[in-house]
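The values are calculated or read from the model by the stated rules, or taken from the named source; none is laboratory data. The structure presented is a predicted model; accordingly, all values stated were derived computationally and were not measured. We place every Cβ from the backbone using ideal geometry, glycine too, and count neighbours over all the protein chains shown. Remember, those area values only see protein heavy atoms, side chains included, never the ligands or the DNA or RNA. Shrake-Rupley method; radii C 1.70, N 1.55, O 1.52, S 1.80 Å.
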Amino acid sequence: MKKYGAEFFGTFWLVLGGCGSAVLAAAFPEVGIGLLGVSLAFGLTVLTMAFAIGHISGCHLNPAVSFGLWAGGRFPAKELLPYIVAQVLGGIAAGGILYLIATGKAGFDVSSGFASNGYGAHSPGGYSLLSALITEVVMTMMFILVILGATDKRAPQGFAPIAIGLCLTLIHLISIPVTNTSVNPARSTGVAIFAGNWAVSQLWLFWVAPIIGGILGAMVYRLIGSEKK
């Protein structure tokens with residue numbers, strides 16, 4: 001239960017810190033943090049939690065990461081469902097806290113997106129479903145590749161959280177204009193259920209694509225990173 005609790009609070013921090021920066025601070029009048037700040041915020045949530053709970057649960061914070069680690073032979077199948085449940089509940093709890101904070105401002109309109117992920121008319125840059133699919137699959141694939149490589153016993157020890165956090169920052173710098181960056185079904189779900197309407201109807205993509213990408217990333221690392229027998 002300690003592992004599941006760690007995943008709950010870790011994912012809570014990721015969604016509150018990352019999506020919170022997008023909703024509350026990205027376009028704050030005159031001193032907004034913008035795309036760069038939001039990207040950095042997501043990276044910092046993972047970096048800080050990797051140091052805080054990595055030794056407890058492994059700090060997945062993401063169903064796609066759990067699937068990727070399972071496909072990479074680093075995580076038992078029996079733990080997949082409870083980890084994913086804890087992650088999604090943590091994301092929803094953070095979405096709820098963020099909703100309570102954001103709606104305290106007069107005129108706030110949750111239907112405008114609430115940091116939800118989308119494609120087509122709901123892509124920040126107007127990118128198509130195909131563009132969104134490719135982006136989410138490839139970005140998640142590379143994320144898992146970095147995670148597996150940075151946590152390999154042959155890699156320099158103690159630096160994995162930095163590599164993983166910076167990787168997530170880079171992923172956001174690339175893909176926020178396309179999908180608002182998911183690579184994480186729990187992050188997408190945590191805010192989509194409060195935005196409702198289109199965010200919920202497009203949520204399927206942000207489960208399917210990251211999980212496919214996570215498994216592909218594991219397959220690539222097994223191919224290039226396996227030790228010679």
>> How long are the semi-axes of the equivalent ellipsoid of segment 82-209, defined as square roots of 5 times the Cα gyration tensor eigenvalues? Whole Å, largest first.
In response: 27, 18, 13
>> From Cα pairs below 8 angstrom and at least 6 apart in sequence, can you work out the relative contact order of segment 84-187, rounded to a whole percent?
In response: 37 percent
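Can you tell me the relative contact order of segment 1-154? Whole percent, Cα pairs under 8 Å, sequence separation 6 or more.
On the way: 139 pairs, mean separation 44.1, N = 154.
Taking the mean separation of contacting Cα pairs over the length of segment 1-154, I get 29 percent.
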>> Give me the count of lysine pairs in the chain whose alpha carbons sit under 27 angstrom apart, restricted to pairs 8 or more positions apart or on different chains.
In response: 7
> Could you sort I193, I147 by accessible area so the largest value comes first, with the probe set to 1.4 Å?
Replying inline: I193, I147
>> What number does segment 1-82 give for Rg over Rh if you use C-alpha atoms and the Kirkwood radius?
In response: 1.08
> Roughly how many Å² of W13 are accessible to a 1.4 Å probe, to the nearest 10?
Replying inline: 110 Å²
>> With a 1.4 Å probe and all protein chains left in place, how much accessible area per residue does the chain have, in Å²?
In response: 46 Å²
> On the accessible surface of the chain, probed at 1.4 Å, how many percent belong to carbon and sulfur atoms?
Replying inline: 72 percent
>> Against the 2.2 N^0.38 Å scaling, with N counting residues, where does the chain land? I'd like the Cα-based Rg ratio to two decimal places.
In response: 0.96
>> Using a 1.4 angstrom probe on the protein heavy atoms only, could you order Y127, Y221 from most to least accessible area?
In response: Y127, Y221
> Taking a probe of 1.4 angstrom, what is the accessible area of M219 in Å², to the nearest 10?
Replying inline: 110 Å²
>> How large is the accessible surface of F51 in square angstrom, using a 1.4 angstrom probe and rounding to the nearest 10?
In response: 110 Å²
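Among all stretches of the chain without exposed GluC sites (Glu not before Pro) (DSSP loop, at most 16 other Cβ atoms within 10 Å), which one is longest?
Longest run free of exposed loop sites: 31-226.
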> Sorted by accessible area (1.4 Å probe), largest first, how do K78, K105, K3 line up?
Replying inline: K78, K105, K3
